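**Q** Handing you this structure, nothing more for now.
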Amino acid sequence: MKEGGRRIGKGNERHSRREFLQMAGVGALGPLMVSSAKKEGVRRRLERVSKMKIERIEVFPVRYPTIGYFKFFEGPPGTPPGRPAVLVKVTADDGTIGWGESVPIPKWSYETLESAASTIENYLKPVLLGRDPFDIVGAHRVMNGAIAASFSTGAPITKSGIDMALHDLAGKASGLSLAQRWGCPAGGKITLSWTLNPRTLDETEKLIAEGKKRGYRNFNVKVAPDPVFDLELCKIVKKRAPEGFLWADANGGYDVATALKIAPKLADIGVPVLEQPLPPNRLAGYRQLKRQGALPIIMDEGVVSPADLVEFIRLDLLDGVAMKPARCGGLLPARRQVELLKDAGLMFLGSGLTDPGVSLAASLALYGAYGLRFPAALNGPQFLAKSVLKRPFKPVNGELPVPTGPGLGIEVDEEKVKALVTASSRAV
């Protein structure tokens, strides 16, 4: 895809032999500086990975136990508790394994736990088996052929689990982290934002204090549809954390008239950005808000594919995007969108879908590699009680380190996966 005469996301999802040797420290250094043993080892690894094929794809539907109240986890009466997710295990014919995670929540998307599992098993798996796991661009092409787009990418949350697993597998097969494969710096630590979604204003002080106790200094608040409640909520947060980054996220909950009225008032309080104030299809309303200029308008649910973002930039509908690899089809489309935003001089914020460990690792890797400047609204550690990782992520002083190992940089404990599958089936 091209924008402004430049190919977007051309990158290195399928490395040539020369590129692989250079990343492994051979091609660029030359024969005098690298031992013959190392060159031979790289040659064998290259030969092995060049012949790899996807042999198995397995899905593990689970529900992670949750902590505290988060309105998006509430379902109809009788809905099983927990945060639904589908863990995806992709195995190559040489035994190399990659893990990914699809994280549907019906209140955020039309995708569900059941639809994600059945789509992978019945539609995506058949077209992916036998393919080159390094060819992630090709994997997206055949997935999009199997599940077509409507307005934008079809089943993007589901496809993201496959995308993550292939990135993990390719990284582990080559011995490279995602940042190394992308030719980016690894990044260090990602500063997090504490999520506030109080049911009453009286709860706000306690929730802020809990975040501060854990070392968080920045806060994102769930607003809409009540502008009176929202303004009072933001005033309380700004008073208790005057130096913190206060991020208001409406999740498409305002109508146009309300959004136009509240944006200047939020700006007066000190809120620096307003995320997804309108439903995704209210494009004329977004243009009005952008022209009003009271606050930077950040899109989230409205931007799924890079093509969406190109069109919205051309129409002058936004000031930036709250990126979520888990929502936009995975790391490949997410990278392309970050590159588009940087090229256009627009804001790139990092967010998530209350990501469990595997999906969280993918987000951290992306944000670290592309130098995220703002606190990230990654609230999986805040609201989820369990992890399937051997070394779960634990924020320290409101920060998480970017994984630096091969692939996603994590190790999945398959015994934990099996136990969570069993516990989840009992909850249904």
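Rule-based calculations on the coordinates, nothing more; no lab input. Given the structure is predicted, the values throughout are model-derived calculations rather than measurements. All Cβ positions, glycine included, derive from the backbone under ideal geometry; neighbour counts span all protein chains shown.
**Q** Label points 7 Å out from Cα along the Cβ direction at residue 342 and residue 51: separation in nm?
**A** For the pair residue 342/residue 51, the computed spacing is 3.7 nm.
**Q** Can you figure out the FRET efficiency of residue 71 with residue 131, using R₀ = 45 Å and their beta-carbon distance, to the nearest 0.05?
**A** 0.70
**Q** How much FRET efficiency would the formula 1/(1 + (r/R0)^6) give for residue 205 and residue 397, where r is the Cβ-Cβ distance and R0 is 25 Å, rounded to 0.05? Each step should come with its number before you reach the end.
**A** Values: r = 21 Å, r/R0 = 0.85.
Computed FRET efficiency for residue 205 and residue 397: 0.70.
**Q** Short version: ³J(HN,Hα) in whole Hz for each residue of segment 392-405, in order, from phi by Karplus 6.51 cos²θ - 1.76 cosθ + 1.60 (θ = phi - 60°), x for Gly and Pro, what are they?
**A** x, 6, 9, x, 10, 6, x, 9, 10, x, 6, x, 10, x
**Q** Measuring from centroid to centroid over Cα atoms, what is the spacing of segment 365-425 and segment 165-227 in Å?
**A** 10 Å
**Q** While we're on this one: Between residue 151 and residue 114, what is the spin-label point distance in nm, taking each point 7 Å from the Cα along the Cα→C-beta axis?
**A** 2.5 nm
**Q** Structure shown: which of 107/159; 206/239; 324/386; 238/386; 71/324 lie over 23 Å apart, alpha-carbon to alpha-carbon?
**A** 238/386
**Q** Of the residues 361, 257, 92, which exhibits the maximal mean-square fluctuation in a Gaussian network model of the chain defined by a 10 Å Cα contact cut-off?
**A** Of 361, 257, 92, the most mobile in the Gaussian network model is 257.
**Q** Output the peptides 290-297, 79-86, 236-243 sorted from most to least packed, where packing is the average of other Cβ atoms within 10 Å over each peptide's residues.
**A** Values: 290-297: 16.9, 79-86: 20.9, 236-243: 15.4.
Averaged packing, sorted descending, gives the order 79-86, 290-297, 236-243.
**Q** Also, I was wondering about something else. Just want to confirm a number: the relative contact order over segment 198-275, from Cα pairs under 8 angstrom separated by 6+ residues, in percent.
**A** 33 percent
**Q** Now for a separate question. Note the full-extension length gain between residue 281 and residue 121 as 0.36 nm times their separation in residues minus their Cα-Cα distance, in nm to one decimal.
**A** Extra length from residue 281 to residue 121 when fully extended: 54.5 nm.
**Q** Scan segment 81-185 for trypsin sites (Lys or Arg not before Pro) in coil per DSSP, keeping those whose Cβ has at most 13 other Cβ atoms within 10 Å, and list them by number.
**A** Numbers: sites: 89, 107, 131, 141, 159, 172, 181; in loops: 107, 131.
Of the trypsin sites (Lys or Arg not before Pro), the ones in loops of segment 81-185 whose Cβ has at most 13 other Cβ atoms within 10 Å are 107.
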